[in-house]
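The values are calculated or read from the model by the stated rules, or taken from the named source; none is laboratory data. In this text the structure is predicted, and so the values were computed from the model without any measurement. When we count neighbours, we look across all protein chains shown, and the Cβ atoms used for this are built from the backbone with ideal geometry, even at glycine.
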Ligand SMILES: *Cc1c(COP(=O)(O)O)cnc(C)c1O
């Protein structure tokens, strides 16, 4: 009962109305048409288990990134992979570290296996490597770090990731959750995958739920050293990725045009929305610099985040208010389509600068 339930992003108003959903960081451009076609063409027999080894999925991932398919772990969403890491590495008496404004699943995964969560403070909403290192004791087994981070959108650069890894004892597993990695420009890559390829104590996780637009099928994966992956396989539920989902994911990986257009769309409209928020700075609004597909907007003036959340809902937009994650003064807003983003900004302006 110490576990606070995970609160998913909502899609309806309190009265049941369907809203523009900007609360779960889904892809506003939908899914790659190639992924959709592969999903439709896949064997849809309902009476047969999927491939337990997810062979086509592992091979496509390995091919795309130059990896060993045997070192790819896969899950029902990357949430599943995060839980597998906690299950394989931590238990009662062990400590698991993550940042205060971090992804809610880390605490759930730690507590679920009986480990003790330790929360490192952030520095102006960004991950503070020194604060994480200050939490390390001889009981530490895992450090979870999302990069870019959710719900802040902040990014920890390659040199800081390298410094964190170098300072951690080899007995500590560093999990770099790269759910938003595809939104980062190639030259800014945090080199997490390279660490996972070469170091025994680094696991990276990726997902098909965000830029690939396959959230409904629940597919994630991870990469790490062979003994780590083997331990995770021992506790993995069998048949944890569906057949049609695997086919869709393989096709999605191959559709670089779709991923590129989603990345470009996101960069354009994230910058546009950040400018809009900046123009409401006189009302106490401030966007935390984001490298992901959402903005964390802080409300430090007379209009509270809660009031803005309700006002947006009345105007047809659902975003994420996160009082349970220490952010009663913040709203996380997913970058939507052009129309959705313009509409969101106009609704926000209407709330902070009422015309009557
Ligand atoms: C969305 C998200 C995930 C993954 O979700 P799945 O759908 O389970 O793959 C993982 N980590 C972070 C930080 C996220 O925001």
Given the conditions (1) in a helix (DSSP H, G or I); (2) exposed (fewer than 15 other Cβ atoms within 10 Å of the Cβ), which single one is not true for residue 269? (2)
Breaking point among (1) surrounded by fewer than 22 Cβ atoms within 10 Å (Cβ to Cβ); (2) within 15 Å of the ligand (Cβ to nearest atom); (3) under 20 Å from residue 79 (Cβ atoms), for residue 146: (1)
Does residue 322 count as at pLDDT 95 or above and either under 17 Å from residue 150 (Cβ atoms) or buried (at least 19 other Cβ atoms within 10 Å of the Cβ) (or both)? no
Within segment 166-187, considering residues that are within 17 Å of residue 290 (Cα to Cα) and touching a residue at least 40 places away in the same chain (Cβ under 8 Å), the one farthest from the chain's Cα centre (by Cα): 184
Would you call residue 324 assigned to a strand (DSSP E or B), in contact (Cβ under 8 Å) with a residue 40 or more places away in the chain and under 20 Å from the mean Cα position of the chain (by Cα)? no
Across segment 107-132, what is the number of residues that are in contact (Cβ under 8 Å) with a residue 60 or more places away in the chain and closer than 24 Å to residue 80 by Cβ? 4
Have a look at 101, 89 and point out the one that is within 16 Å of the ligand (Cβ to nearest atom), surrounded by 21 or more Cβ atoms within 10 Å (Cβ to Cβ), in contact (Cβ under 8 Å) with a residue 24 or more places away in the chain and under 19 Å from residue 178 (Cβ atoms). 101
Restricting attention to helices (runs of 4 or more DSSP H) lying wholly within segment 7-117, give those where 3 or more residues are within 30 Å of residue 339 (Cα to Cα) and modelled with pLDDT of 95 or more. 33-41
For segment 274-290, does any single residue satisfy the condition of being within 15 Å of the ligand (Cβ to nearest atom) and farther than 19 Å from residue 183 by Cα? no
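Could you tell me whether residue 281 is modelled with pLDDT under 95 and either loosely packed, with under 15 Cβ neighbours inside 10 Å or out of contact with any helix residue (DSSP H, G or I) (no Cβ under 9 Å at 6 or more places or on another chain) (or both)? If you could, list the steps in order and put the result at the bottom.
Values: modelled with pLDDT under 95: no; either loosely packed, with under 15 Cβ neighbours inside 10 Å or out of contact with any helix residue (DSSP H, G or I) (no Cβ under 9 Å at 6 or more places or on another chain) (or both): yes.
Judged against the criteria, residue 281 is not a match.
What about residue 291, is it assigned to a loop (DSSP other than H, G, I, E, B) and either at negative phi or at pLDDT below 95 (or both)? Reasoning before the result, please.
Working: assigned to a loop (DSSP other than H, G, I, E, B): yes; either at negative phi or at pLDDT below 95 (or both): yes.
Yes, satisfied.
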Out of 44, 112, which single residue is under 17 Å from residue 237 (Cβ atoms) and surrounded by fewer than 22 Cβ atoms within 10 Å (Cβ to Cβ)? 112
Please go through (1) touching a residue at least 40 places away in the same chain (Cβ under 8 Å); (2) within 16 Å of the ligand (Cβ to nearest atom); (3) over 24 Å from residue 225 (Cβ atoms) for residue 75 and return the number of the only condition it doesn't satisfy. (3)
